[in-house]
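Novice: This is the structure, below, for whatever I ask next.
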Amino acid sequence: METLAPFKEVIDEVIEKGGDAVKYCYQCGKCDTVCPWNNVRQFSVRKLIREATFGLSEIEKEDIWRCTTCGRCPQRCPRDVKQIDDFIALRRMATGYGVFPTAVKSYRTVSSGLNAQGNPFNEDRKTRAAWAEGLNVKPFKEGMDILYFPCCYCSYDPRLKKVAQATVKILQKAKVDFGILGEKENCCGESIRKTGNEDLFKKLARENIKTFIEHGVKKILVSSPHCYHTFKNEYPEFRVNFEVVHISQYLPGLISQGRLALSGEYGKKIVYHDPCYLGRHNSIYDDPRSILAAVPGLELSELPETKADSLCCGMGGGRIWAETEKHERFSNIRVEQALACGAQELVTACPYCITALEDSRLVLNHADDIEVKDITEIIQELI
């Protein structure tokens, strides 16, 4: 008699960890046609889902860790297989057993930093607000209109501190009543959750929620789409609902209300890259473009894969901490696409995307050919 489920205990664990939807897959393969990995190597989401269905998943291999949670396959799936949830379930299994292949061994170090200091770099929590030195940024107090939450990368990474600084200068110019929490903040927990460490995500989330409530936070402004997605769509699991706004949603209002006057001619041709967690996951496509359309002298062109079909930069799903071979980085393709459009600047609205695109610009020896910028950096130049 044929054994259809040789490892039923594994199947049960996949279901228990949140991967129940694997059973709906009928192997049409539409997921494979849109997965960005197939631009750089042979990779089959369909095969991995099939293996999970029968309890045959190989958690010791890197394939279950490749998913960047970009959202392309759920977008195409006719059966609502929930591929992202399925991969996270497999990662929860691997994390529970302490199984991390070479490319993702750094997740252990990242987890230690998040546990000890509330950030993935294990940097001193007390220096979290060092990026704001000299900018006269106020600590958040109850009654302020907005809490600005810059994210770990904008708080600690030398390149991305410039994004937080540009954002603050814009808010100050528009006379927005805002403050920051600095060392009282934790990482939002989005990426560590996607690696399968659910317990650590819950710890970070609960501590953040407690801090927000104690300080009377009502409205949170963020620079990272990953923070946006987590605060808006995942923190409500803890029965809280804060108003969450991404900076690309907030700026159009400041411009249209006359609180930000843009002066001078920008005079550059740019392309805009849609971040997965701003676009596909949260349907924010028009606001960033409306900001760029308001910039005098800026020429905006569209990339070949744009809006709902945007090419993932490769950093989501915890991959920002993983080792990816240089020739397998999706961001390399994006930089080449931007250059083919004749763009002088590749603009986006996500710290993760900037990290990937900056790296590819240098790896491909295009440092003198194109710049990578956040939307706020353009606006800050003109106010």
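The values are calculated or read from the model by the stated rules, or taken from the named source; none is laboratory data. A quick note: this is a predicted structure, and the numbers were derived from the prediction, not measured. Here Cβ is always computed from backbone atoms with ideal geometry, including for glycine, and neighbour counts include all displayed protein chains.
Each row is one residue, and each column tells you yes or no for (1) touching a residue at least 24 places away in the same chain (Cβ under 8 Å); (2) part of a helix (DSSP H, G or I); (3) touching a His at 6+ places or on another chain (Cβ under 8 Å).
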| position | (1), (2), (3) |
| --- | --- |
| Y266 | yes, no, no |
| I284 | yes, no, yes |
| P296 | yes, no, no |
| C312 | yes, no, no |
| G316 | yes, no, yes |
| H327 | yes, yes, no |
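Novice: Restricting the search to the stretch 219-238, which residues are part of a strand (DSSP E or B), of a type outside the set (V, I, T) and in contact with a Phe, Trp or Tyr (Cβ under 6 Å, 6 or more places away or on another chain)?
Specialist: Listed by number, the list holds a single entry, L221.
Novice: For the structure I just gave you, tell me whether V347 is buried (at least 19 other Cβ atoms within 10 Å of the Cβ), in contact with a helix residue (DSSP H, G or I) (Cβ under 7 Å, 6 or more places away or on another chain) and not in a helix (DSSP H, G or I).
Specialist: Judged against the criteria, V347 is a match.
Novice: Could you please let me know if N136 is surrounded by fewer than 23 Cβ atoms within 10 Å (Cβ to Cβ) and either closer than 23 Å to N186 by Cβ or touching a His at 6+ places or on another chain (Cβ under 7 Å) (or both)?
Specialist: no
Novice: Pick from V137, V163, V110: which is touching a residue at least 40 places away in the same chain (Cβ under 8 Å), in a helix (DSSP H, G or I) and in contact with a strand residue (DSSP E or B) (Cβ under 7 Å, 6 or more places away or on another chain)?
Specialist: After ruling out the rest, the residue left standing is V163.
Novice: Name the helices (runs of 4 or more DSSP H) wholly within the stretch 1-87 that hold at least 1 residues that are outside the structural domain of E328 (by TED's automatic domain parsing), more than 23 Å from V99 (Cα to Cα) and in contact with a Lys or Arg (Cβ under 7 Å, 6 or more places away or on another chain)?
Specialist: It comes to 30-34, 72-76.
Novice: Would you mind finding the one in K184, K218 that is surrounded by fewer than 23 Cβ atoms within 10 Å (Cβ to Cβ) and touching a His at 6+ places or on another chain (Cβ under 9 Å)?
Specialist: None of the other options fit; the residue is K184.
Novice: Looking at V34, V81, which is the one that is touching a Pro at 6+ places or on another chain (Cβ under 9 Å), touching a residue at least 24 places away in the same chain (Cβ under 8 Å) and on the phi < 0 side of the Ramachandran plot?
Specialist: V81
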